[in-house]
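J.: Quick one: this structure, given as structure tokens, is what I'll be asking you about.
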Amino acid sequence: MGMTMTQKILASHAGLECVSAGQLINAKLDIVLGNDITTPVAVNEFKKAGFDRLFDPNRVAIVLDHFVPNKDIKAAEQSKTCREFACAHCVSHFYDVGKMGIEHALLPEQGVVTAGDCIIGADSHTCTYGALGAFSTGVGSTDMAAGMATGMAWFKVPSAIRFNLKGKLPANCSGKDVILTIIGRIGVDGALYKSMEFTGEGAHSLSMDDRLCICNMAVEAGAKNGIFPVDEVTMAYLNGRSEREPVVFEADADAEYEQTIDIDLSQIVPTVACPHLPENTHPASELHHIKVDQVVIGSCTNGRLEDMEAAYRILNGNRIANGVRCIIIPGTMQILRECVLRGWYTAFLDAGAVVSTPTCGPCLGGYMGILAAGEKCLATTNRNFVGRMGHVESEVYLASPHTAAATALAGYITEYQEG
């Protein structure tokens, strides 16, 4: 029996000719990632185990993005631990204030991750890098510590679900609407410990930003990872960017999938996940009765340049509704700079929005947009659990940048109508 794309990458990194679903393997790692919340825990475990050196200082990435610039004393102490560790071990991929960005937007942008990689990160949304044709998955801080020291990690090889994409997205939809539609269809445990493998001619019509968004939220369906095939779009993105030569893996024609799910992209509509799970999805057109207090456009899901452009096209020359706070967070400093150079930053301000330094801040209820009891927020983030963005009696609705910007102008949830 042939192997899926994910299984081929894992077999290669385990030094095996083939692997099968359910098999336990020990695989070499290309990148080990941590952030300002998870790295301090990993550092403690690293020291407790008696490790005194990294397997490769060039293959460890530490990104300070959750509470940076530091919001309080605890955050400052956590960041200090990261800074001292990175300095002591000569970590080349260390990103702090002025250089940092939201980790899962930053690492692809900087070429730290590439096609064919095997990547672990002490953050659940590490599955983002499957958009580049890599195997990437989130782990705990203890696994991060072991990975930093040994360059190895053990995995149970996942089975796979194939998502056969066809057609092209409507102009007012994006990858966020695709993945919300899928999660609404299969549920938050519909791909539990499985690989979500996106194929078909429709997959090739999606931009890299769309693919990064889709793979980012694979974990919201319970998946071990999400992955796209490497094509011309991928190689154009990686060209001149990747630190290492990309390695292309393709699924075998006789690869085994638990099931195949067909998705017609042309039938996707602006979709919103209502509280308190990403699977509670509805068309935005059915939710006009819901007024919002806040809109957040950003995060590791939707803080990329295409997301900022969508917000700009809708907000430019318009005013955000009275009573609505609109917070825009570019994913990296490079994206923030582009917003300034292209005049988008000024347009956001003129519309009545506030623009933040890159940060995960409001997504996890950290800072830069905490909700009070009874408040409602429509966000381009990836989770809407109880209390996710603040008070346990607040509500978070998930949507695309198009829907978020249109909602900010209307004051209630609404879809963007092109033209």
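The values are calculated or read from the model by the stated rules, or taken from the named source; none is laboratory data. Quick caveat: nothing in here was measured; it's all calculated off a predicted structure. Because the Cβ atoms are built from the backbone with ideal geometry, glycine has one as well, and the counts that use them run over all protein chains shown. The area values use the complete protein model at the heavy-atom level, side chains included, leaving out ligands, DNA and RNA. Shrake-Rupley method; radii C 1.70, N 1.55, O 1.52, S 1.80 Å.
J.: Using the basic label-point model (7 angstrom from Cα toward the beta carbon), what is the Glu250 to Val269 distance in nanometres?
T.: My value for the distance between the label points is 3.8 nm.
J.: State the dimensionless ratio Rg/Rh of the stretch 275-334 (Rg: radius of gyration of Cα atoms; Rh: Kirkwood radius).
T.: Working: Rg = 13.3 Å, Rh = 13.4 Å.
Computed over Cα atoms, the ratio is 0.99.
J.: Another question, if that's okay. How many nm is it between the label spots at Leu16 and Val392, if each spot is 7 Å from the Cα in line with the beta carbon?
T.: Here the modelled spin labels are 4.4 nm apart.
J.: I would also like to ask the following. Could you tell me which of rounded, prolate or oblate describes the stretch 322-419, using a ≥ b ≥ c as the square roots of the eigenvalues of the alpha-carbon gyration tensor, with rounded for a/c under 1.5 and, failing that, prolate when a/b is larger than b/c and oblate otherwise? Each step should come with its number before you reach the end.
T.: Values: a/c = 1.93, a/b = 1.32, b/c = 1.46.
Oblate.
J.: Just for the chain, what percent of DSSP beta bridges are antiparallel, to the closest 5?
T.: Restricted to the chain, the bridges split so that about 20 percent are antiparallel.
J.: Based on a Kirkwood Rh over C-alpha pairs, give the Stokes-Einstein translational diffusion coefficient of the stretch 138-286 at 4 °C and viscosity 1.567 mPa s in µm²/s.
T.: The diffusion coefficient I find is 78 µm²/s.
J.: How much net charge surrounds Glu45 when only the other residues with a Cβ under 14 Å from the Cβ of Glu45 are counted, with Lys and Arg +1 and Asp and Glu -1?
T.: 0
J.: On full extension of the chain, what length is gained from Ile73 through Leu341, given 0.36 nm per residue of separation minus the C-alpha to C-alpha distance?
T.: 93.1 nm
J.: Normalised by the number of residues in the stretch 63-115, what is the relative contact order in percent for Cα pairs under 8 Å and 6+ residues apart?
T.: Reported relative contact order: 49 percent.
J.: Anyone know which of Asp307, Asp30, Asp72 comes out most mobile in the 10 Å Cα GNM of the chain?
T.: Asp72
J.: Now for a different question. Return the carbon/sulfur percentage of the accessible area of the chain, one whole number, probe 1.4 Å, all protein chains in place.
T.: Working: 7690 of 15570 Å².
Roughly 49 percent of what the probe reaches on the chain is carbon or sulfur.
J.: Same structure again: Multiply the residue gap between Lys156 and Lys168 by 0.36 nm, knock off their C-alpha separation, and tell me the result in nm, one decimal place.
T.: Details: separation 12, 0.36 × 12 = 4.32 nm, distance 3.45 nm.
That works out to 0.9 nm of additional length.
J.: Another question about this same structure. Rounded, prolate or oblate: which fits the stretch 213-351, taking a ≥ b ≥ c as square roots of the Cα gyration tensor eigenvalues, rounded meaning a/c under 1.5, else prolate when a/b beats b/c?
T.: It is oblate, given that a/c is not under 1.5 and a/b is not larger than b/c.
J.: Considering only C-alpha atoms, what is the centroid distance from the stretch 275-338 to the stretch 42-65, in Å?
T.: Each part reduced to its Cα centre gives a spacing of 35 Å.
J.: Going down the list Lys8/Lys48; Lys71/Lys376; Lys28/Lys71; Lys176/Lys291, which pairs span over 31 Å between their C-alpha atoms?
T.: Lys8/Lys48; Lys28/Lys71
J.: Run the helix sum for the chain: -39,500 (n - 2.57) per DSSP H stretch of 4+ residues, divided by residue count, reported at 222 nm to the nearest 500 deg cm²/dmol.
T.: Working: 14 runs with 129 residues, N = 419.
-9000 deg cm²/dmol, from helical runs alone.
J.: Right, another one. Which shape class applies to the stretch 305-366: rounded if a/c is under 1.5, otherwise prolate when a/b exceeds b/c and oblate if not, where a ≥ b ≥ c are the square roots of the Cα gyration tensor eigenvalues?
T.: oblate
J.: Would you give the gap between the C-alpha center of the stretch 361-379 and the C-alpha center of the stretch 91-113, rounded to a whole Å?
T.: Measuring centre to centre over Cα atoms gives 25 Å.
J.: What does the net charge come to around Gly202 if you take all other residues with beta carbon closer than 14 Å to its beta carbon, with K and R at +1 and D and E at -1?
T.: -3
J.: Report the relative contact order of the stretch 344-400, percent, no decimals, based on alpha-carbon pairs under 8 angstrom and at least 6 residues apart. Can you show the working numbers first?
T.: On the way: 85 pairs, mean separation 16.3, N = 57.
The normalised contact order for the stretch 344-400 reaches 29 percent.
J.: Top mean-square fluctuation among Thr128, Thr281, Thr199, Gaussian network model of the chain, C-alpha springs under 10 Å?
T.: Result for the chain, Cα springs under 10 Å: Thr199 fluctuates most.
J.: What accessible area per residue, rounded to a whole number of Å², is obtained for the chain using a probe radius of 1.4 Å?
T.: Working: 15570 Å² over 419 residues.
Using a 1.4 Å probe on heavy atoms only, each residue of the chain averages 37 Å².
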